[in-house]
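Chemist: First the structure, which I've put down as structure tokens, then a few questions once you've had a look.
Please treat every number below as a calculation from the coordinates, not as lab data. The model shown is predicted, which means the values in this text are computed figures rather than measured ones. Here the Cβ is made from the backbone with ideal geometry for all residues, glycine too, and neighbour counts use every protein chain on show.
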Amino acid sequence: MKKIIFLIVLATTLCFGAYCAFIYYVPYSEGVRSGELIKISRKGVLMKTWEGEVSQGISGAQIFKFSVEDGEKKVIDDLQKFQGNYVKIYYKERYKHISWLGDTNYFITKVEKEKSPHFGK
């Protein structure tokens, strides 16, 4: 009986581990978006995450929300430096969000400052 319980617990643990590894390491999509960086902040009570928003239009009608992993120090520094500027952000989208990494499925991997097509910044 103990052997059966052990095997069930082991199988459940392995399946959960494989599921988490799949969500973390296999991106659903990768891409680039451009817009004005309007927000970057660290939020949360127990699990602090970096969250941000990019406005993809003059009126701000389309907002792209994203997360940044804690290990991406250069990306976080660049986002803080480019706050309020037009930026190009490179991201990977995961199948599901992992709560201790961020609030969204979109994780920024690189950011570049761009010249605004609207204001000539």
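Chemist: Which pairs in the list Lys48/Lys88; Lys43/Lys96; Lys48/Lys115 are over 27 Å apart, alpha-carbon to alpha-carbon?
Modeler: Lys48/Lys115
Chemist: Using only alpha carbon positions, build the gyration tensor of region 1-55, then give the equivalent ellipsoid semi-axes as the square roots of 5 times its eigenvalues, largest first, whole angstrom.
Modeler: 40, 17, 5
Chemist: Something else now. Compute for region 38-103: radius of gyration divided by Kirkwood radius, i.e. Rg/Rh, restricted to C-alpha atoms, rounded to two decimals.
Modeler: We get a ratio of 0.95 for region 38-103.
Chemist: Whole percent per 10 Å bin, from 0 to the bin with the longest distance: what is P(r) over all C-alpha pairs of the chain?
Modeler: With a bin width of 10 Å, the distribution comes to 13, 37, 26, 12, 7, 4, 1, 0.
Chemist: Turning to a different aspect of this structure: Please state the charge dipole magnitude for the chain, taken about the Cα centre, from unit charges on C-beta atoms (+1 on K and R, -1 on D and E), reported in debye and rounded to the nearest 20.
Modeler: 220
Chemist: List the chymotrypsin sites (Phe, Trp or Tyr not before Pro) in region 36-121 that DSSP assigns to loop (not H, G, I, E or B) and whose Cβ has at most 14 other Cβ atoms within 10 Å. Which are they?
Modeler: Loop-located and lightly packed - Tyr95, Trp100, Phe119.
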